[in-house]
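Participant: Structure provided below as structure tokens; questions to follow.
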Amino acid sequence: MILITGATGQLGSAVMKQLLKRTPASQIAALVRDPGKASALEAQGAAIRTGSYDDLASLDRAMQGVEKVLLIAGTDEDNRVRQHQNVIDAARQAGVTCIAYTSRSLKDRRTVSNKLMQAHFETEDAIKASGLNSLLFRNVLYLDAVPGFVGEGVFERGIQLPTAQGRLPFALRSEMGEAIANALLDAPGGQTTYTFTGSQPASFGDIAAALSRLSGKAVTYTPIEPDVFEAHLRARGVPEVVIPRIVGFLTDIRNGQEDEVSSDLEHWLGRRPASLEAGLRSLYNL
């Protein structure tokens with residue numbers, strides 16, 4: 001049996017969708033905090049196990065009969081590493097044979113600007129130290145995040161970000177979920193790392209050009225300095241604690257932390273990932 005944590009979240013839902021297409025529902029379990037949100041999964045035959053990363057007893061119960069577990073990164077940034085360790089420990093104690101984790105495709109943990117990403121590196125270390133077989137999925141920044149970064153009114157105001165000419169091979173979250181499910185079912189044993197990226201790196205200037213072609217409107221890209229961007233975020237009412245997190249993501253893009261292209265996503269999809277234009281078309285309904 002395969003257990004998916006965070007199964008009703010956006011990435012978890014994409015993984016579950018593909019698993020339910022490819023394997024009997026009786027072989028799939030979903031760990032959820034709110035079983036009411038998992039009624040559709042239960043209706044399809046998946047086992048619903050209620051619990052959280054902080055509830056050790058619930059994790060022990062959830063792991064019973066499980067051979068593989070996918071640990072989807074938690075959202076509690078202050079406690080993420082401890083919570084992930086709880087899942088790893090429960091998996092090992094229950095005799096789970098393989099643990100998978102949704103990490104991030106960053107080049108150099110020593111120079112990363114977004115300090116929130118350190119939790120991914122520390123979780124990878126903990127998984128390796130556990131001695132379990134593992135699948136580490138290092139995911140590039142979702143193309144789905146672009147609308148949030150550029151803000152509303154992009155077709156009127158254009159894009160103004162502190163990313164200079166930084167590029168990265170964006171990919172859709174739905175395709176990452178599909179590929180993760182395929183790898184969970186078919187990947188060989190051992191300790192393996194896959195880097196999931198799109199096929200072609202793109203800058204926010206490329207995104208502006210693609211949106212211009214798709215919409216028929218002139219969307220411009222203007223590189224700005226981080227302090228100017230921070231002022232824009234404050235004017236938009238973004239909470240002060242969130243601002244350095246957003247700037248950290250964009251600084252890493254500017255510094256080339258995510259500009260490497262891998263064929264792993266294409267391999268596990270069995271096709272080329274969606275192009276930049278195709279992905280933007282779906283996100284913006286163009």
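Participant: Among the lysines, which have Cα under 17 Å from the Cα of residue 128 when same-chain residues fewer than 8 positions away are ignored?
Facilitator: 68
Participant: Just name one of 192, 239, 18: the one whose Cα is farthest towards the positive end of the charge dipole of the chain (beta-carbon charges, Lys/Arg +1, Asp/Glu -1).
Facilitator: 18
Participant: Okay, moving on. In terms of the ratio Rg/(2.2 N^0.38 Å) built on C-alpha atoms, what value belongs to the chain?
Facilitator: In units of the 2.2 N^0.38 Å rule of thumb, it is 1.03.
Participant: With 10 angstrom as the radius, rank 230, 178 by how many other C-beta atoms surround their C-beta, starting from the fewest.
Facilitator: 230, 178
Participant: Give me the percent of DSSP beta bridges within the chain that run antiparallel, rounded to the nearest 5.
Facilitator: Approximately 5 percent, going by the DSSP bridge assignments.
Participant: Mind checking the dipole of segment 1-154: about its Cα centre, +1 per Lys or Arg Cβ, -1 per Asp or Glu Cβ, Debye to the nearest 20?
Facilitator: 460
Participant: Would you calculate the separation in nanometres between label points at residue 222 and residue 79, each defined as 7 Å from the Cα along the Cα-to-beta-carbon direction?
Facilitator: In this crude spin-label approximation the distance works out to 4.3 nm.
Participant: Residues of segment 42-70 with backbone nitrogen within less than 12 Å of a virtual label 7 Å along the Cα-to-Cβ line of residue 27, please, listed as ranges.
Facilitator: From segment 42-70, the list is 67-68.
Participant: May I pose another question? Using Cα pairs closer than 8 Å and at least 6 residues apart in sequence, work out the relative contact order for segment 211-285, in percent.
Facilitator: 27
Participant: Also, quick follow-up: Provide the packing ranking of 97-107, 38-48, 112-122, i.e. peptides ordered by the mean count of other C-beta atoms within 10 Å per residue, highest first.
Facilitator: Highest to lowest by the protection proxy: 97-107, 112-122, 38-48.
Participant: Under unit Cβ charges (Lys, Arg +1; Asp, Glu -1), what dipole magnitude, rounded to 20 debye, does segment 244-286 have relative to its Cα centre?
Facilitator: Here the size comes out at about 220 debye.
Participant: Suppose every Lys and Arg Cβ carries +1 and every Asp and Glu Cβ carries -1, with no other charges. What dipole size does the chain come out with about its Cα centre, to the nearest 20 debye?
Facilitator: For the chain, the charge dipole is close to 440 debye.
Participant: Please find the FRET efficiency linking residue 128 to residue 10, where r is the Cβ-Cβ separation and R0 is fixed at 22 Å, and quote it to the nearest 0.05.
Facilitator: The formula returns an efficiency of 0.25 here.
Participant: Among 241, 66, 96, which one shows the highest mean-square fluctuation when the chain is modelled as a Gaussian network with alpha-carbon springs under 10 Å?
Facilitator: Comparing 241, 66, 96 in a Gaussian network model of the chain, the most mobile one is 241.
Bear in mind that the values in this text are calculations on the coordinates, not laboratory data. Remember, predicted model here, so these are calculated numbers, not experimental data. Cβ: placed from backbone, ideal geometry, glycine included. Neighbour counts: every protein chain shown.
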